[in-house]
Amino acid sequence: MSESSKELERVYTVPLSRAWIAARHRRTVRAVNILKEFAQRHMKTSDIKIETELNEELWKRGITNPPRRITVNMLKDEDGLVTISLPKPETPKEIPTEAEEVLAEAPISPEAPREEKQTSPEGKDATISKEKPKVSPRVEKKSVGKTIKKRSMTTVTKKKTAKKPKSRSNSN
């Protein structure tokens, strides 16, 4: 058999939102069981091992507040044992662009913070950074007359209509 069939590695995002159906004091336990059931269904084996880093990530916020979803790396070895772990963080290689190279060679602009050296009483040099304070533009509020008028709730009164008196006639 080929080597790819002996070791199978996949990255999944497992939804754990069904754990919130369980009672509050069993949610993270339910999330661990959901993760195991997901691995059994997708990796076609019942031998499952959860690494300690992943377990700590699930339990980080306590028993009542597990994460809603988690991205995991599942590795199935030739014996059929599935190891579930957190995926390795990808570090993108930074390639300097032409604009970054030009900025690196450019002289320091006059807007950059100025640094002055001062001598402390003990005789040690201390570098103090002086930055220009940022001034926000003022927004002037216009008022009508001396007071600012506020809009208030107005009550609607119904006009009273004159009721016609009922005629009382004794017709006996």
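Each reported figure results from applying straightforward, stated rules to the coordinates on display, with no laboratory input. Bear in mind the structure is a predicted one, so any value in this text is a computation, not a measurement. We place every Cβ from the backbone using ideal geometry, glycine too, and count neighbours over all the protein chains shown.
From least to most packed, judged by other beta carbons within 10 angstrom and beginning with the fewest, 6, 166 follow the order 166, 6. Each label was represented as a point 7 Å from its Cα along the Cα-to-Cβ direction; for residue 8 and residue 44 these points are 0.5 nm apart.
The magnitude of the dipole of the stretch 13-85, with charges of +1 and -1 set on the Cβ of Lys/Arg and Asp/Glu and taken from the Cα centre, is near 660 debye. Net charge of the neighbourhood of residue 24, taken over other residues with C-beta under 14 Å away and scored Lys/Arg +1, Asp/Glu -1, is +4. Look at the dipole of the stretch 13-85 built from charges on Cβ: of 80, 33, 43, the Cα furthest out on the positive end belongs to 33. Kindly identify the stretch 13-85 as rounded, prolate or oblate by the Cα gyration tensor criterion: order the square roots of the eigenvalues as a ≥ b ≥ c, call it rounded if a/c is under 1.5, otherwise compare a/b with b/c, prolate if a/b is larger, else oblate. It is prolate, given that a/c is not under 1.5 and a/b is the larger ratio.
Remark: 45, 91 ranked as 91, 45, counting other beta-carbon atoms within 10 Å and listing the fewest first.
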